[in-house]
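Scroll down for the structure; my scribbles are underneath it.
The values are calculated or read from the model by the stated rules, or taken from the named source; none is laboratory data. Everything numeric here is computed off the predicted structure, so don't read it as measured data. For neighbour counting, all protein chains shown are included, and Cβ atoms are generated from backbone atoms with ideal geometry for every residue, glycine included.
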């Protein structure tokens, strides 16, 4: 089978492979959430405008992630880059869609579980350690 690289509208060249996978996971969770919570949009294959705004916000936050390729999952991250309301919404979406991801997107679910094991330290702690070693 001939595999071609297809550029999806939500993917930006700024995101590296790890962050693109993180965004695809978030996008899959939001689609599950939206299909159930906003049923009028389910038949169109798209998400509702409210969920699209959230996905755009999530993509912008990933683009600015200080960890880049080493990014942990949001729950394990010492830097909370989402505003409080968006962070609460993300928690609701993940709590609802997480168990359903295993059946609908098993590979993304497995990779997300593996990513949860990755730990990082706060960027300020890295900076302090660097300056102490001088």
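Residue-level check: of (1) over 12 Å from the mean Cα position of the chain (by Cα); (2) modelled with pLDDT of 85 or more, residue 94 misses just (1). Give region 53-74 a look and list any residue that's in contact (Cβ under 8 Å) with a residue 12 or more places away in the chain and not in a loop (DSSP other than H, G, I, E, B), or say none. Across region 53-74, the qualifying residues are 54, 55, 57, 58, 59, 61, 62, 63, 68, 69, 70, 74. Consider region 17-52 and keep the residues that are exposed (fewer than 12 other Cβ atoms within 10 Å of the Cβ) and part of a helix (DSSP H, G or I). The one that is nearest to the chain's Cα centre (by Cα) is 17.
Pick from 123, 78, 106: which is loosely packed, with under 11 Cβ neighbours inside 10 Å and closer than 21 Å to residue 18 by Cβ? Lay out the reasoning, then the answer.
Details: 123 fails: loosely packed, with under 11 Cβ neighbours inside 10 Å; 78 fails: loosely packed, with under 11 Cβ neighbours inside 10 Å.
Exactly one of 123, 78, 106 is loosely packed, with under 11 Cβ neighbours inside 10 Å and closer than 21 Å to residue 18 by Cβ, namely 106.
Could you grab me the full set of residues in region 100-117 that are free of Cβ contacts under 8 Å to residues at least 60 places away in the same chain and assigned to a loop (DSSP other than H, G, I, E, B)? Hit for region 100-117 is 117, nothing else. Every residue in region 75-90 that is modelled with pLDDT of 90 or more and not in a loop (DSSP other than H, G, I, E, B), please. 84, 85, 86, 87, 88, 89, 90, listed by residue number.
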